[in-house]
Structures are given as C-alpha cells and as structure tokens.
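The values are calculated or read from the model by the stated rules, or taken from the named source; none is laboratory data. Keep in mind it's a predicted model, so treat the numbers as computed, not measured. All Cβ positions, even for glycine, are placed from backbone atoms using ideal geometry, and neighbour counts span all protein chains on display. Heads up: the accessible areas ignore ligands, DNA and RNA and are worked out on the full protein's heavy atoms, side chains in. Shrake-Rupley method; radii C 1.70, N 1.55, O 1.52, S 1.80 Å.
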Amino acid sequence: MSENLPHIETVIDDLYSLPPADFVSHRSAYVTRFKKFGDKAGAARIGAQRKPTVVAWLVNTLARQDESALAELFDLGEQLERAQQRGDGSRLRELSTARSTSIRALTERAVTLGRDLGTSVGDNAAREISNTLSAAMADPEIRDRVRAGRTVVAETYSGFGPALLSLVPEPTEDETETDGVSDTADDAPEDAAESDSEDTSEAEKLREVEHNRLVAELESAESDLDDARVEAEEAQADTERTASELRSAAAEVERIESELTAAKTRAKAAREAERTSVVQAGSTAEALEAARARVAEAQSALDSLT
C-alpha cells in the first residue's frame, strides 16, 4: 500500500464516526483516492461499506464516547447468562434490574449525544437504541459491531437459547415479596393467571421485536436506496465530465492535426525552395568558373602581346 494512503481500518472507523448525511460523500472520496493510488481491493472494500441509519450512528457515537459503560453492560449480559444457566431466579431478577437501569442510562446518554450534535431523537429512535443495546447483550456478532462502533441499522435479537436473557423481565414487588415461599393448592388459579399474563407479555415482546426488525430492515432499504441514488448521480456526473473531456480531447486532436497539415505544407515548400536554391547555386558556380576561365584567357593573351 502506498505510504500516502491511510490504513483501511482507520478509514472505516472514520466513516462510521460521521453523521449519516456525510457518509456517502466521504466514502466516495476515499474510494477515488484508493483507486488513484492503485489499491483496487481497498477501494472495493470501502465502497462496500453501508451508510448507517441515524439510530445506528447514535449507537456508534455512544460506543466511542462511553466505551467503559458499554463494557459494564456486556459484563452484565455475561452474568445474566451464567445465572440463567444455573437457574438462579433471585440473581436473574437482580441482574435484570441492573441491566434495565444500565440500558436506560445508556439510551438517555445516546439521546443527549444526538441532541448535542444537532440531531433530534424521538421516542421511536430511543426505543430502537434500547433494543440495539439489548440485542448486543444477547448476540456476540451484534455485540462486536456495537463495541467497534460499526453498527449499520437498529438491531434486534430474534434467536433462542441462553441469549433469551435479553427478554428477562424486571422483578415486580409481588415477586420480591413471595420469593422463596412454597406454592399451595390455593395459589394454583393465581399461578395460572400469572402464567397466562406472562405468555401474553412474552408474545407482545416478541411482536415488538419483530416489528422493530421490520422497521430496521425498512430503514436499511431506504438507506441503501439513498446510497444508490447518490452513486447514480455521481456516475452521471462522471459520465458528463468524461464526455466533456472527450470533446475537448477531440478538439485538441483536430487542432493538432490541422497544425500538422500546415507544418507538412510548409516543409514541402521549404524542400522545393531548397532544391531550387541548389540548382541556382550550381548554375552560379558554373557561370563563375566560366568567367574565371575567360579572365585567365584574356590575361594570357595580354601577356603574349607584351
């Protein structure tokens, strides 16, 4: 790689630190720069980077501004998973409360960062930020993107298994008071009602997860459409610029050809003049020799008389 080019990872980090409105123009500038120095692979990788949504950009900004707070959140996620594997309900409720508090604080921080940077953040965007942080706790791939500050769209977790810790509900006062008390036959109807309520709540959460996933996909599609539109405009501008350069080059070729024709004509005339001059010079030399001969004869005749 040329010493004049930045490292590819540095370029990608720079792109994802930018507001979405500046992403495409900077990406195009980097692509052009890498192509100019012959790094086609680097240019292709940069060109493949997708523009982040506003929510994704806010999460990326949060990752850069509060790295330690995110690390604490992800550590909570690991503790939650271990508690779930042990079946430790009390610990699960305790950690779930801490998780909710942490996500709420980080979401508010991201909203504040957005407003400080001139971006209005509504309730839906704040909810998507929270969902993305929850998904990052549950899914290692999402967590890596969030930690690296390279999130592209609002994330949701739709997997199964231990990662369902992202859906662990917050503890209620009733649960806290009855924790550790043995179930009785009289509690059965209440337990059934609570189970139905939990099932309904779980279904609502799953519907919300699916809704958020579809919203994220829509935002991603709209973002890709914006990228394609900008790239098409840039390609059209490149085409028009190339056509203009081609017309200028053709005019220059025509001018040069015209000058070349004129130069050939002058060269031909010069050669003809040179041939005429040579003939004239030869005739002059012969006349000079003849004159010299006559002078010599006249001089000889004069000498004879004297």
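The set of residues in the stretch 37-53 being open to solvent by 70 Å² or more (accessible area, probe 1.4 Å) and touching a residue at least 60 places away in the same chain (Cβ under 8 Å) consists of R50 alone. Checking E222, E198, E204 one by one, the residue that is open to solvent by 80 Å² or more (accessible area, probe 1.4 Å), modelled with pLDDT under 80 and under 30 Å from Y30 (Cα atoms) is E222 and no other.
Listed here are the residues, each with its yes/no results for (1) under 21 Å from H26 (Cα atoms); (2) part of a helix (DSSP H, G or I).
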| site | (1), (2) |
| --- | --- |
| G42 | yes, yes |
| A56 | yes, yes |
| Q85 | no, yes |
| R99 | no, yes |
| A110 | no, yes |
| R115 | no, yes |
| G118 | yes, no |
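Take T132 and tell me if it is of a type in the set (V, I, T), crowded, with 17+ Cβ neighbours inside 10 Å, closer than 13 Å to N60 by Cβ and modelled with pLDDT under 90. Taking the combined requirement at face value, the residue does not satisfy it. Please determine whether any residue of the stretch 57-80 is open to solvent by less than 70 Å² (accessible area, probe 1.4 Å) and more than 30 Å from T97 (Cα to Cα). No - not one qualifying residue is present in the stretch 57-80. Checked against the criterion of being surrounded by 15 or more Cβ atoms within 10 Å (Cβ to Cβ), under 20 Å from T132 (Cα atoms) and not charged (D, E, K, R), the stretch 20-29 has at least one qualifying residue.
Only residues that are closer than 16 Å to V152 by Cβ and outside any helix (DSSP H, G or I) were counted in the stretch 10-37, giving 3.
Filtered by the rule that a residue be hydroxyl-bearing (S, T, Y) and in a helix (DSSP H, G or I), the stretch 288-306 gives S300, S304. None of L133, L73 is of a type in the set (A, V, I, L, M, F, W, C) and more than 26 Å from V11 (Cα to Cα) except L73.
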